[in-house]
Amino acid sequence: MKDWFADIAAQFKLNFIDGNRWQWLVEGFKTTLIIAFFATILGILIGVLIATIRSTYDKTGESLKKRGGIGIKIFGFIDRICKLYLTVIRGTPMVVQLLIMYFIIFKSSTKGTLVAVLSFGINTGAYVAEIFRGGIMSVDNGQFEAGRSLGFNYIQTMIYIVIPQMFKIVLPTLCNEFIVLLKETSVAGYVGIRDLTKAGDLIRGRTFSAFMPLIAVALIYLTVVIILTKLVGILERRLRRSDH
Amino acid sequence: MTTEKKALIKVDGLYKYFGDNHVLKGISAEIDAGEVVVVIGPSGSGKSTFLRCLNLLEEPTYGEVWLEDKLVTPVDPYLHPDIIELSKTYQSLFAAEKAKNSGRSDEEIKAELIAKIKSEDLLNEKHEGKAYKSLMKKIYNENYINVNLARQKIGMVFQQFNLFANLSIIDNITLAPMKLLKLSKTEAEERAKALLDRIGLADKAQAYPSQLSGGQKQRIAIVRALAMNPDVMLFDEPTSALDPEMVGEVLEVMKELAKEGMTMVVVTHEMGFAREVGTRVIFIDEGVIQEENTPDAFFSNPESPRLRDFLSKVL
Ligand SMILES: Nc1ncnc2c1ncn2[C@@H]1O[C@H](COP(=O)(O)OP(=O)(O)OP(=O)(O)O)[C@@H](O)[C@H]1O
Ligand SMILES: [Mg+2]
C-alpha cells in the first residue's frame, strides 16, 4: 500500500512538477478557452447574418420573385451561397476543415491559434445559423407585425425586436454549443496547436507515462463541462421564470 | 373651382384572395378625418383582412388604398392595375375573356385578370427600357407614399396586444418615435410619460409587458401607437382577448380618443361601443359591405336580411 502511494507521488512529480510541466496544462487550457470563446463569438456573428438572410428570403423571396428585377436575383444568389456554406460545413468533418484551413488556405500563417479560431468559428457558424433560424421562426409573428405597423422596415424590425427575442430563446442552446465546441477544439493538436489535449499528449511523450497526463486532461474537460452545464441549467430556469 | 375635400383613407375596389379563398370581393369605402367607423360582421367574413389591407399588413390582390392624396397600394408601381391594364398581356387576355361572353361585368373580369397576372407572374413586359422605368419612377413619386411612411401615420392596435416582449413599457412607447421620428430620448420619454399619465399607468414605465394585466397591456398598446402621432388608428377587436372585467378600461381609453377627434376604424363585437361612439357602422359579410349607416339607423332599421339575422344573434 505504501509502495503504491509512493509510486503515485513519484508519477505525479514526474508528470506535473518536474520541469514545471503543470504549466503546460495551464497554457494549453488557456489556448483551448481562447479558441472556444472567440470561435463562438465568430460563429454567432456568422450565424446571425446567415439566419437573417435565410429567413428573410424564406419570408419575402417568393413575393419578390414575382416582381422580378436585379435585386431579387442578387438576393437569391446570396441565399444560395448561404445554403452552400451550410451544406459544405455540416457535410465535412471538423478536422478536415481545420487541416484545409491550416495547410491550404493559410499555408504561410504562423498564427496557429488565429487559424483555429477562424476554422472553429466558421464551423460553429453553420450550426448556430440553424439554431438562430429556428429561434427567429419561434418569435411570435405578432411581434413582427407590431413593428411593421409602427413603420419600421423589415431590417429595423428584425434588429430592434425579433433578433433580441430570438437571442433570449436560443441562449441556453447557444451555451450548450459553446460546451460542445470546448470539447471539439481538442483536435487543434492536428495542426500543431498546443491546446489542453496537446499539452497532455506532450507530457506523455516526454515522461513516457500515459496515465497521469491523459487522465488529468480528461478531468479538466469534465470539470469545466459539468460546471458550465450546471450554469446553463440555472440560466434556463431564470429565463423561464422571468419571461422578459 | 371647388375645393374638393379628400377622404383621409379611401379604399377603392379592394379584393383579397388567399389562394382559392376569396376573402374580400370588391370593397370600397371612404373614411373622413374625425370619423369613428365601426366594422362588424360574422367570424371569418374578412373584417381583419380588410383592416390589415389598409396598412398593407396584407397586400391586397387588387384594388387601391389611398392615404389622403397618395396611393399606398401596390408597393410596386409595376404592379399598379393601370400599368398592368396597359400591357399587351392583359389586353389579349381580356379580349379572350370577353369573347367567352360569360355575362360577367368588365369590372369583375378585370379584377380576376389582374389577380391572375400578378399571382402567376404573367407580365413579362414590365422592364422594357430606361425611359419606361424613369416614367414609372415619376409616376411613383407623384402618386405613391412609401408603405413604411404610410404606416407611421396609421396606428394599429391588435387583438393580442403585441407589446414588444423584450422591451420595458417606456421603451415600447419610445422606440418608434426615437428611431423613426428622430425624437431625442428626452423628448420621446416626455411624450411617453404624458401618454402614460393619461391612461393612469405612469407607475408601470419600467415594468415589462409580461408583468401587466391584459387590460393594461392593451392600453399601453394604444398609447404606443399614439406616440407616433398618427392621423388614424385601426383597432382589430381590441377587447376580444380580454377578461370581461378589463373590457371597460380599454373601451374608456378608446372613447376618450374618439372624443378628442381621433379618426378611428374599429373592428369589434362591442355593439354598445358602436352605438355610443361610432359615427358610422359598416357590416361586412361574405367579403363585401352589405350595409352601412349611422349607428342609430343601422341598429334600429337594418335593411338587409343578412344584417337583421346577424343582429338578432348578437344583440
Ligand atoms: N394569412 C392568411 N392566409 C390564408 N387565409 C387567411 C389568412 N388570413 C385570413 N385568412 C382567411 O380569410 C378569411 C377571413 O379572415 P378574417 O380574419 O379577415 O376574418 P374576420 O372577419 O376578422 O373573422 P374574426 O371575427 O374571426 O376575426 C378566413 O377564411 C381566414 O381563414
Ligand atoms: Mg378578425
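Any read-out appearing in this document is the output of simple, stated calculations on the displayed coordinates, not a laboratory observation. All values reported here derive from a predicted model rather than from experimental measurement. No Cβ is skipped: glycine too gets one built from the backbone with ideal geometry, and neighbour counts run over all protein chains shown.
Overview of results
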| read-out | value |
| --- | --- |
| Angle between chain B longest axis and helix B:106-120 axis [Cα atoms, degrees, rounded to 10] | 80 |
| Label zone at B:Lys6, where the point sits 7 Å out along the Cα-to-Cβ direction: the stretch B:26-62 residues whose backbone N lies under 16 Å | B:30-34 |
| Rounded to 5, percent antiparallel among DSSP beta bridges of the protein assembly as shown | 55 |
| Two-site FRET efficiency, B:Asp243 against B:Asn146, from Cβ-Cβ distance with R₀ of 56 Å, rounded to 0.05 | 0.90 |
| The protein assembly as shown: mean projected area of Cα convex hull, nm² | 38.3 |
| P(r) of the stretch B:128-192 over all Cα-Cα pairs, binned every 10 Å from zero, in whole percent | 18, 32, 23, 16, 10, 0 |
| Computed Rg/Rh of the stretch A:148-220, alpha carbon atoms with Kirkwood Rh | 1.38 |
| Separation in nanometres of the label points that stand 7 Å from Cα toward Cβ, at B:Asp20 and B:Glu190 | 6.0 |
| Rounded FRET efficiency, nearest 0.05, which uses the C-beta distance separating A:Arg206 from A:Leu239 and R0 of 45 Å | 0.45 |
| Rounded FRET efficiency, nearest 0.05, which uses the C-beta distance separating A:Ile8 from B:Lys182 and R0 of 51 Å | 0.10 |
| Computed lengthening from B:Ser134 to B:Glu286, 0.36 nm per intervening residue step minus Cα-Cα distance | 50.7 nm |
| Virtual spin-label span in nm between A:Ile104 and B:Glu59, 7 Å along Cα→Cβ | 4.1 |
| Computed over the stretch B:179-315, Cα set: Rg, Dmax in Å | 17.5, 56 |
| Three principal axis lengths of the stretch B:1-114 [C-alpha, angstrom, descending] | 47, 44, 26 |
| All-pairs Cα distance distribution in chain A, expressed in whole percent, bin size 5 Å | 1, 6, 11, 13, 14, 13, 11, 9, 7, 5, 4, 2, 2, 1, 1, 0, 0 |
| Pairs beyond 20 Å (Cα-Cα), from B:Lys133/B:Lys179; A:Lys83/B:Lys118; B:Lys6/B:Lys153; A:Lys30/A:Lys183; B:Lys25/B:Lys110 | B:Lys133/B:Lys179; A:Lys83/B:Lys118 |
| Dipole of the stretch A:43-167 [Lys/Arg +1, Asp/Glu -1 at C-beta], most positive-end residue of A:Leu150, A:Val117, A:Ile104 | A:Ile104 |
| B:Asp121 paired with B:Glu68, simple spin-label distance in nm, labels 7 Å along Cα-to-beta-carbon | 3.7 |
| Total formal charge among the other residues, if their Cβ is under 14 angstrom from that of A:Thr223, Lys/Arg +1 and Asp/Glu -1 | +2 |
| Virtual paramagnetic centre 7 Å along Cα→Cβ of A:Ile34, amide N under 14 Å, in the stretch A:117-143 | A:117-118 |
| For the stretch A:109-244, the spread of Cα positions along each principal axis, largest first, Å | 69, 39, 16 |
| Directionally averaged shadow of chain B, computed from the convex hull of its alpha-carbon atoms, nm² | 20.1 |
| Calculated diffusion of the stretch B:42-86, Stokes-Einstein form, Kirkwood radius summed over Cα pairs, 10 °C and 1.306 mPa s, µm²/s | 139 |
| Taking N as its residue count, the alpha carbon Rg of the stretch B:234-304 over 2.2 N^0.38 Å | 1.14 |
| Contact order relative to length of the stretch B:123-254, as percent, for alpha carbon pairs under 8 angstrom and 6 or more apart | 36 |
| 13 Å beta-carbon shell around B:Glu107, net charge (K/R +1, D/E -1) | -2 |
| Nearest 10 degrees, 0 to 90: helix B:305-314 Cα axis against chain B principal axis | 20 |
| Size of electric dipole in the protein assembly as shown: Cβ of Lys, Arg +1 and of Asp, Glu -1, about Cα centre, debye, nearest 20 | 2720 |
| Net +/- balance of residues flanking B:Thr263 in space, Cβ distance below 9 Å, scoring K and R +1, D and E -1 | -3 |
